[in-house]
Amino acid sequence: MAGAYFTGCAVWAFKDWAGSFYPRGSKPGDFLRLYGDRMTAVEGNTTFYSMPDTKTIDRWAETMPPGFRFCPKLPRAFSHQGKLVPFVEASHRFLQTLAPLGDRLGPIFIQLPPTYSPEHLSDLREFLARWPRQQHPIAVEVRHLDWFAEPHATRLNQMLKSLGAGRVLLDTRPIYDCINTPADDPQIGSERKKPRVPLQPEITASFAIVRYISHPDFAYNQPYFDEWVPRLRQWLDAGTDVYFFAHCPQEAKSPAVAREVYHRLQQVGVELPELLWDRAERQRAEEDTSSAQLSLFG
């Protein structure tokens, strides 16, 4: 059985999407509903910075459509304080606050700081071992460069596989490898403050989370699309659920990156339903045509 494919961006509340990704004149209060009408998942960046209250979670649950997946980050108050184990109970309480999302809750992921090195492997192992992984899948994004060198890379992957935990696959190559990027672009500069880590396309669980940091110039992404699409197809064919999140230093361009990869997967034979964004645009075009006809003959 083929795996399920979910795609989206890091956020839904981006005002400059109004007029492109969202209809012109869209209000902030409508952004979550409009996002759910267009994408199938969102990377829960908001939970990294603050704990949402019950009222907020209830609103998300009511607004997100069936089949949608919310993949929240563990709050940095737990992941960026040194060791993880002291925050096991607090992390479980955080998970309980997300319960109203029901089946709309996708994998949780921990984004670890560059200071969290392989010296903390036993801490990471204990934290994951105490996480309710069967009910709530979890993935880990490491950033200390030693995690990508042997023997630490193999040890990490083996540990994650033994626990059924995922490894977040961060691909920052497009913003580092493309030499024609203007050096004074402040947005690119901001993205390049993130660690330049090697791509590790290793599957350690029944699902994969890909965080693709795209180049603002769409053309520079083509070689990376050519590499990612067959890899994603292989994983899906093997029954792996894939969450592909598109980021761009110019956030206005992120949705188009997610759509391009989706379309390319369809073109190589992956059986995916019509992308919700495409359906929304088609329906809006049909409504505009009907309105024009009524005006013409009314």
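The values are calculated or read from the model by the stated rules, or taken from the named source; none is laboratory data. Remember, predicted model here, so these are calculated numbers, not experimental data. All Cβ positions, even for glycine, are placed from backbone atoms using ideal geometry, and neighbour counts span all protein chains on display.
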Can you spot a residue in the range 62-69 that is part of a loop (DSSP other than H, G, I, E, B) and farther than 30 Å from Tyr35 by Cα?
no
Residues of the range 181-199 classified as surrounded by 17 or more Cβ atoms within 10 Å (Cβ to Cβ) and either within 16 Å of Leu112 (Cα to Cα) or modelled with pLDDT of 95 or more (or both), total
1
Just one of the numbered conditions (1) under 22 Å from Asp16 (Cβ atoms); (2) at pLDDT below 95; (3) among the hydroxyl-bearing types (Ser, Thr, Tyr) is not true of Tyr262; which one?
(2)
Have a look at Ser206, Ser214, Ser254 and point out the one that is under 16 Å from Ala139 (Cβ atoms) and either of a type outside the set (Phe, Trp, Tyr) or touching a residue at least 12 places away in the same chain (Cβ under 8 Å) (or both).
Ser206
The residue from Glu89, Glu150 that alone is surrounded by fewer than 16 Cβ atoms within 10 Å (Cβ to Cβ), at pLDDT 95 or above and in a loop (DSSP other than H, G, I, E, B) is Glu150
The lone condition Val270 fails out of (1) modelled with pLDDT of 95 or more; (2) surrounded by 11 or more Cβ atoms within 10 Å (Cβ to Cβ); (3) part of a helix (DSSP H, G or I) is (3)
Taking Asn157 as meeting all but one of (1) surrounded by 19 or more Cβ atoms within 10 Å (Cβ to Cβ); (2) at pLDDT 95 or above, write down the number of the exception.
(1)
Could you check the range 104-147 and list, in sequence order, the residues that are free of Cβ contacts under 8 Å to residues at least 24 places away in the same chain and either of a type in the set (Asp, Glu) or surrounded by 14 or more Cβ atoms within 10 Å (Cβ to Cβ) (or both)?
Glu119
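Might you check whether a residue that is of a type in the set (A, V, I, L, M), farther than 30 Å from Pro151 by Cα and touching a residue at least 40 places away in the same chain (Cβ under 8 Å) occurs anywhere in the range 64-73? Quick ask: steps written out before the conclusion?
Step one: list which residues in the range 64-73 are of a type in the set (A, V, I, L, M), which gives 64.
If we keep only those that are farther than 30 Å from Pro151 by Cα too, we end up with 64.
Checking the rest, the ones that are also touching a residue at least 40 places away in the same chain (Cβ under 8 Å) come to 64.
Yes - at least one qualifying residue is present in the range 64-73.
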Within the range 217-262, the residues that are in a strand (DSSP E or B) and not hydrophobic (A, V, I, L, M, F, W, C) are Asp241, Tyr243, His247
Would you mind stating whether Glu126 is in contact with a helix residue (DSSP H, G or I) (Cβ under 8 Å, 6 or more places away or on another chain) and either among the basic types (Lys, Arg) or under 23 Å from Ile203 (Cα atoms) (or both)?
yes
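Condition check ((1) modelled with pLDDT of 95 or more; (2) closer than 19 Å to Lys161 by Cα; (3) touching a Pro at 6+ places or on another chain (Cβ under 8 Å); (4) surrounded by fewer than 15 Cβ atoms within 10 Å (Cβ to Cβ)) across all residues:
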position	(1), (2), (3), (4)
Phe207	yes, yes, yes, no
Val210	yes, yes, no, no
Tyr224	yes, no, yes, no
Glu227	yes, no, no, yes
Pro230	yes, no, no, yes
Val242	yes, yes, no, no
Please verify whether Ser79 is closer than 21 Å to Ala153 by Cβ, surrounded by 15 or more Cβ atoms within 10 Å (Cβ to Cβ), modelled with pLDDT of 95 or more and in contact with a Pro (Cβ under 9 Å, 6 or more places away or on another chain), treating the condition exactly as stated.
yes
Quick check on the range 45-56. Is at least one of its residues under 21 Å from Ala252 (Cβ atoms), assigned to a loop (DSSP other than H, G, I, E, B) and touching a residue at least 24 places away in the same chain (Cβ under 8 Å)?
yes
State whether one or more residues within the range 162-180 are of a type in the set (Gly, Ala, Ser), over 21 Å from the mean Cα position of the chain (by Cα), at pLDDT 95 or above and outside any helix (DSSP H, G or I).
no
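Can you spot a residue in the range 277-295 that is closer than 19 Å to Asn221 by Cβ and at pLDDT 75 or above? Lay out the reasoning, then the answer.
Looking only at the range 277-295, we keep the residues that are closer than 19 Å to Asn221 by Cβ, and these are 277.
Next cut, at pLDDT 75 or above only: 277.
Within the range 277-295 (the criterion being closer than 19 Å to Asn221 by Cβ and at pLDDT 75 or above), the answer is yes, since at least one residue qualifies.
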